[in-house]
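The values are calculated or read from the model by the stated rules, or taken from the named source; none is laboratory data. Just so it is clear, the model here is predicted, and its values are computed rather than measured. Backbone-built Cβ (ideal geometry, glycine too); neighbour counts: all protein chains shown.
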Amino acid sequence: MNLSLRQVLFPVLFGCFFFCSVTGYSQSTLKVMHYNVLRFGECNGVTLAQKDEWMRIIAESYQPDILTINEMLNRLAFANRIKVRALQYANMEVTNFKNEEGGDIVNMLFYNKDKLGYLGLERVPELPGTDHVRDIDAHRLFDRASVADGSRDTVFLVCIVSHFKAGGSSSDQRTREAMADAIMDYISRQSGADENYLVMGDFNVGSSNEAAYRNMVDFLNPIHRLIDPLGSGPWGRNNPSVFTQSTRTSSSDCGVAGGMDDRFDFILASRAIMEGRQDLEYVSGSYSAYGNDGNTSYNGPLNCTGSNPVGFNVCSALIQMSDHLPVVMELNRLRATGRSSAYELRGVRMNTMSSTGNNLDISLRFDEVTGESLTLKVVDLVGRTVAVEQVEVHSTAQKLSLFPCHMWPLGCCCFNYQMGLAASLRKKFAGKHFLHRPFSCVYSPM
């Protein structure tokens, strides 16, 4: 994809009544947590009731709006159990999993329905000749505050949840690298060049030099490159606050001992999030290994003395719940605060939309003739392209006559405009597909 392209989404509503029932939200942040919950559902040495209580204590302490987990046994009943017994601090909802790899443990995502809507799950495919060991799940959500704000485009967020293969052999490292490469290939193939992505999981990388990690943070295309909020430099015994494993030096359950000496668990973010380019913005300094105050000695157990800001009860629950610590971060919801992205571009206005027979006509006005091409895509809400049209900008006033719109699928779609850096279209339109006139599409501004 051309690196100079920028894109903006415009929801077009084809009878999508759920958008009309959304009210405004005052909460200005999204709290995100990723957690390897150590074989939730079957872990020798502990009971499910104990896991329920430890999980409740930890979740209520941080109260994430997005919670992603690794190592839940592959039954949806366990996800519902977590929701009912541990996530009652908010209106949290459970999603689903695919498990095409057929493992006994899976990933899961929970989200706050008051702040977010859910659009679906897609499995990230393997690259040819590779094996993922476990599924990589791509969940697509949208910010409800951006739907309540009817003047601009909907804000989307894709959470990619993964659990890379463990082990120190060269074969294990190659498998982790293949999984990381599959994630980057998936991101680079999506319709959005500069979108909100979080890639989270237990990566099991041995160091910051391992190829799996480097291939994500040093990806060749800078638009798709992922950013580590803690920086992509080396970590080691001189930086204990980044360690996420192991919380204990001895173990009476199915977890491992060894003390705090590894950084296995991550949330990486797209440039759009780190720079606030698409109305979700990383809150500087909010990323941490939850419960690690930096005072834990190398290879020692998690420090639960009075200096730990999460408190003794939460810290103890973290040790008992899992051999991993959760990682957390916060995102500013710019729409919920009445702000918009600082990177909103200008230079293009949409004057009129009308229908002629089977075509949709759009009149555009440009501030200047750039000689660049304008590409318009119609995409559905999971990013699949419905139709494409391209035109050269040869005058300040131009009209696009778009493809037979009666062929577009019913449901929710978005206009996705791509152009040079001078382009911007930030106007939402409502569309009505009249079933008694199946060969004509009628549109009017909201």
Legend entry - In segment 228-287, the residues that are among the basic types (Lys, Arg), farther than 26 Å from Leu30 by Cβ and buried (at least 19 other Cβ atoms within 10 Å of the Cβ): Arg248
Legend entry - Residue within segment 91-103 that is in contact with a strand residue (DSSP E or B) (Cβ under 9 Å, 6 or more places away or on another chain), part of a helix (DSSP H, G or I) and either surrounded by fewer than 23 Cβ atoms within 10 Å (Cβ to Cβ) or polar (S, T, N, Q) (or both) present: no
Legend entry - Condition broken by Arg144, with the remaining ones in (1) surrounded by fewer than 19 Cβ atoms within 10 Å (Cβ to Cβ); (2) in contact with a Lys or Arg (Cβ under 9 Å, 6 or more places away or on another chain) satisfied: (1)
Legend entry - Considering residues of segment 27-66 that are part of a helix (DSSP H, G or I) and of a type in the set (Phe, Trp, Tyr) only, the residue nearest to the chain's Cα centre (by Cα): Tyr62
Inset, instruction - List the number of the failed condition for Ile66; all other conditions in (1) out of contact with any Cys (no Cβ under 7 Å at 6 or more places or on another chain); (2) over 13 Å from Phe40 (Cα atoms); (3) in contact (Cβ under 8 Å) with a residue 40 or more places away in the chain hold. - result: (1)
Inset, instruction - Please work out which residue is nearest to Arg144 (Cα to Cα), limiting yourself to segment 44-85 and to residues that are surrounded by fewer than 21 Cβ atoms within 10 Å (Cβ to Cβ) and of a type in the set (D, E, K, R). - result: Lys83
Inset, instruction - Go over the candidates Asp172, Asp185, Asp181 one by one and state the one that is closer than 17 Å to Arg263 by Cβ, part of a helix (DSSP H, G or I) and acidic (Asp, Glu). - result: Asp172
Inset, instruction - Considering each residue of segment 285-314, count those that are modelled with pLDDT of 95 or more, out of contact with any Pro (no Cβ under 7 Å at 6 or more places or on another chain), among the hydroxyl-bearing types (Ser, Thr, Tyr) and assigned to a loop (DSSP other than H, G, I, E, B), and give that number. - result: 1
